[in-house]
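Student: Quick one: the structure is below, questions incoming.
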Amino acid sequence: MANHSKKVDEFIQRISQRNPHEKEFIQAVKEVAETIVPFIEDNPKYKQTNVLETMCEPERVVMFRVPWVNDQNQVQINRGYRVQMNSAIGPYKGGLRFHPSVNLSILKFLAFEQVFKNSLTTLPLGGGKGGSDFDPKGKSNGEVMRFCQSFMTELSKHIGGFTDIPAGDIGVGGREIGFLFGQYKRLRNEFTGVLTGKGLQYGGSLIRTEATGYGVVYFSKEVLETHGNSLEGKVCAVSGSGNVAQYTIEKLLELGAKPVTVSDSGGCIYDKEGFNEEKLAFIKELKNEKRGRISEYADQFKGSEFHADVTPWNFKVDLAYPCATQNELPLEDAQLLVKNGCIGVFEGANMPTTDEALTFIREKKIFFSPGKASNAGGVATSGLEMSQNSQRLYWTRDEVDYRLKMIMKSIHNNCEEYGRESKNYVDYVKGANIAGFVKVADAMIAQGVV
Ligand SMILES: NC(=O)C1=CN([C@@H]2O[C@H](COP(=O)(O)OP(=O)(O)OC[C@H]3O[C@@H](n4cnc5c(N)ncnc54)[C@H](OP(=O)(O)O)[C@@H]3O)[C@@H](O)[C@H]2O)C=CC1
Ligand SMILES: O=C(O)CCC(=O)C(=O)O
């Protein structure tokens, strides 16, 4: 064990030296290395081929200028990126994030996680991620369109239906995907499934919008039922109020749980009565149409509370679903959750739990699923959208939902196989990392040193 931790430290040191100042990327690599380095020690073929270190280097990074004109006729400059991380098992696949915090470290962490996640989906999808430091908040539709058109003018040279298929992520929803798709079609003069998350009128798949949130809840249901427990009646904290949070809440309600919190970067809503269909419809309209702040919920629904400086992890709940952003669940909040009786944390966002909080949660042995497993339903349904586009067909809502459920079950079972430590404990972090790694690593080895 001591020998393994020395090997992990040496590995992280090498990656840190090559990628100085990329703290989120190093955090994501460390979380994987802690379980994969010991696995590699026991499986020499992966050691001889140095495959984990190869996986830490993107196959390609594209970085470009995005000039656009705002409503005041002033030229604005943003930076665009696409990290093409790994194409061993399929074309690069992963979302685009538009948020002022976007930088290379954040996109490399997301692209690295995406490689493992996409491998877990059972579908032939490589991993990538991209985006820009553009902030869609407060921008007019015209400004967002002009930005998307400029962004796609460069990105279109690097993507394609058999090369790299982007989708949405933070700040990129149906509106942005529409503008991006329109510009790609105009530039290339081809109607092709080059993006997923498209509108239903032009090649989108039913359930893609809902898929990440639904998938997280399906995964948590599997975890609970595997351990003789259930979602029924469980009080749940959900963070964020965007795409993933909204559909996590929707499925929790449908399956008899009681979600009581939502948040945005301005603060948190606690509604101790729990949400219902009417309240969720209000949140969807507020966030998706009016693009307002979550604090407005408290003005609408008496008895609910808005807290500007409190996270959703401060309330007494049974289960926690972080669905906003990376590192939003620090150690102090994890301690508070456990102290208040929380029995499970299921990640909807990518890497929402800090390194220290994760160590604490794993020591406490409460249920925990890493985003690369539990939020894989989104990209998996993107894969189903690609299949429908190739077939020139649309599947029904029931068919896509059924396939999503089956994929989440299969991801769960695969993680369980590699992560079971004792009769009552499955280490889903270890399980997801090893299951995701083996498929990609074997494909890389089969394809030679490329
Ligand atoms: N969409 C998808 O299919 C998938 C998304 N994910 C991950 O899920 C997470 C959420 O994505 P998605 O719902 O699509 O994004 P959205 O842009 O729809 O929503 C993001 C939500 O998170 C909140 N948020 C963002 N940054 C912060 C912050 N620093 N503090 C508090 N709240 C914050 C936003 O609030 P505000 O409006 O104030 O910024 C908003 O409520 C991300 O980690 C993403 O990578 C993972 C798999 C698939
Ligand atoms: O649907 C996709 O291609 C990407 C989803 C995504 O960005 C993610 O899984 O984090």
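The values are calculated or read from the model by the stated rules, or taken from the named source; none is laboratory data. Because the structure is predicted, anything quoted here is derived from the model rather than measured. Here the Cβ positions follow ideal geometry from the backbone for every residue, glycine too, while neighbour counts run over all protein chains shown.
Student: Checking residue 124 against (1) within 23 Å of residue 198 (Cα to Cα); (2) within 16 Å of ligand 1 (Cβ to nearest atom), which test does it fail?
Tutor: Here residue 124 meets the rest and fails (2).
Student: Any chance region 96-110 includes a residue that's crowded, with 24+ Cβ neighbours inside 10 Å and of a type in the set (Gly, Ala, Ser)?
Tutor: no
Student: For region 39-85, how many residues are touching a His at 6+ places or on another chain (Cβ under 6 Å) and closer than 18 Å to residue 26 by Cα?
Tutor: Residues that pass the stated criteria total 0.
Student: Something else about it: In region 127-141, which residues are crowded, with 24+ Cβ neighbours inside 10 Å and away from ligand 2 (no atom under 11 Å from the Cβ)?
Tutor: Here is the first cut: in region 127-141, the residues crowded, with 24+ Cβ neighbours inside 10 Å are 127-132, 134.
Those that are crowded, with 24+ Cβ neighbours inside 10 Å and away from ligand 2 (no atom under 11 Å from the Cβ): 132, 134.
Student: Can you find a residue in region 143-157 that is buried (at least 19 other Cβ atoms within 10 Å of the Cβ) and assigned to a loop (DSSP other than H, G, I, E, B)?
Tutor: no
Student: Could you please find all residues in region 316-338 being away from ligand 2 (no atom under 16 Å from the Cβ) and over 24 Å from residue 214 (Cβ atoms)? It would help to see each step written out before you state the result.
Tutor: Pass one, region 316-338, residues away from ligand 2 (no atom under 16 Å from the Cβ): 316-320, 329-338.
Answer for region 316-338, where residues must be away from ligand 2 (no atom under 16 Å from the Cβ) and over 24 Å from residue 214 (Cβ atoms): 316, 330, 331, 332, 333, 334, 335, 336, 338.
Student: Separate question: Given the conditions (1) more than 30 Å from residue 192 (Cα to Cα); (2) of a type in the set (A, V, I, L, M, F, W, C); (3) loosely packed, with under 15 Cβ neighbours inside 10 Å, which single one is not true for residue 415?
Tutor: (3)
Student: Residues in region 311-360 that are closer than 18 Å to residue 265 by Cβ and either part of a helix (DSSP H, G or I) or not assigned by TED's automatic domain parsing to the domain that holds residue 273 (or both): how many?
Tutor: Residues that pass the stated criteria total 4.
Student: Can you pull out the residues in region 197-228 that are of a type in the set (Gly, Ala, Ser) and part of a helix (DSSP H, G or I)?
Tutor: Keep residues of region 197-228 that are of a type in the set (Gly, Ala, Ser), which gives 197, 199, 203-205, 211, 213, 215, 220, 228.
If the condition is that a residue be of a type in the set (Gly, Ala, Ser) and part of a helix (DSSP H, G or I), then 211, 213, 215, 220 are the ones that fit.
Student: Is it the case that region 197-204 has a residue that's within 21 Å of residue 135 (Cβ to Cβ), surrounded by 15 or more Cβ atoms within 10 Å (Cβ to Cβ) and not hydrophobic (A, V, I, L, M, F, W, C)?
Tutor: yes
Student: Is it fair to say residue 365 is touching a strand residue (DSSP E or B) at 6+ places or on another chain (Cβ under 6 Å), modelled with pLDDT of 95 or more and surrounded by fewer than 18 Cβ atoms within 10 Å (Cβ to Cβ)?
Tutor: Judged against the criteria, residue 365 is a match.
Student: Would it be correct to say that residue 173 is surrounded by fewer than 19 Cβ atoms within 10 Å (Cβ to Cβ), in the same structural domain as residue 126 (by TED's automatic domain parsing) and under 14 Å from the mean Cα position of the chain (by Cα)? Steps first, please.
Tutor: On the way: surrounded by fewer than 19 Cβ atoms within 10 Å (Cβ to Cβ): yes; in the same structural domain as residue 126 (by TED's automatic domain parsing): yes; under 14 Å from the mean Cα position of the chain (by Cα): yes.
So residue 173 fits the description; yes.
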